[in-house]
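Just below is one structure, and these are the notes that go with it.
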Amino acid sequence: MKHILSAFALAVAFTAIALGQAPQTHDVADSKKVEMSLYATAEIQWKDGPASLPPGAKVAVLEGDPSKEGFFTMRLWLPDGFKIQPHWHPKVEHVTVISGTFNVGMGFWPAEMKHFAWAKGETVLQLHGTGPWMITYVNPSDDPRRPKE
């Protein structure tokens, strides 16, 4: 028990020190400087989701630009019952479920693996990868960017 308490005290001390420091920068592959960032939930600026997703989704870009080459991190907010029809991405996408339930028609998926997904309850996802982030629907008529006939 003494060891557990000591470890906990050290963890609290290191966290306090880390949170009290000024933002740190580090070099990335393209020689740009990047600042360390913390994203408080209440401070995230949500916007209507990308046109490539059905209406109702909201997006918050935390880092980079998903529409361009380079690293990005973004969050998606999906309402209860939100569905994404079968589709694929040209690059690997890493998904972390922040809250809610996110169901996927496949498990881990490499680039170009066809999959579909739906949310149960309000769901927040975090996606990160290398842009540009794109989505191609298996059935072109499922693509929300396509004009309705």
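Miscellaneous remarks
- Relative contact order, whole percent, for the stretch 56-98 stands at 32, derived from Cα pairs under 8 Å and 6 or more residues apart.
- Accessible surface ranking that places the most exposed of ASP143, ASP80 first, with a 1.4 angstrom probe: ASP80, ASP143
- 3J(HN,Hα) from dihedral phi, the stretch 35-43, Karplus parametrisation 6.51/-1.76/1.60, rounded to Hz, x for glycine, proline: 8, 5, 9, 10, 10, 5, 3, 5, 9
- Sequentially through the stretch 129-139, phi angles give Karplus couplings (6.51, -1.76, 1.60; θ = phi - 60°) of x, 10, x, x, 7, 9, 9, 10, 7, 4, 9 Hz, Gly and Pro residues having no value and appearing as x.
- Per-residue packing, averaged as other Cβ atoms within 10 Å, sorts the ranges 124-133, 48-57 into the order 124-133, 48-57, beginning with the highest.
- Less than 5 angstrom separates the built amide H of GLY56 from those of GLY49, all sequence-distant by 5 or more or on a different chain.
- With the whole protein complex present, PHE71 retains an accessible surface near 140 Å², based on a 1.4 Å probe.
- Hz values of 3J(HN,Hα) by residue in the stretch 80-93 - Karplus curve (6.51, -1.76, 1.60), Gly and Pro given as x: 3, x, 4, 10, 10, 5, x, 7, 8, 10, x, 10, 5, 10
- Under a 5 Å amide H cut-off, with hydrogens placed 1.01 Å from N, GLY129 pairs with PHE72 among residues at least 5 apart or on other chains.
The values are calculated or read from the model by the stated rules, or taken from the named source; none is laboratory data. Nothing here was measured: the structure is a model prediction, and the numbers come from that model. All Cβ positions, even for glycine, are placed from backbone atoms using ideal geometry, and neighbour counts span all protein chains on display. With ligands, DNA and RNA removed, areas are computed over all heavy atoms of the protein, side chains included. Shrake-Rupley method; radii C 1.70, N 1.55, O 1.52, S 1.80 Å.
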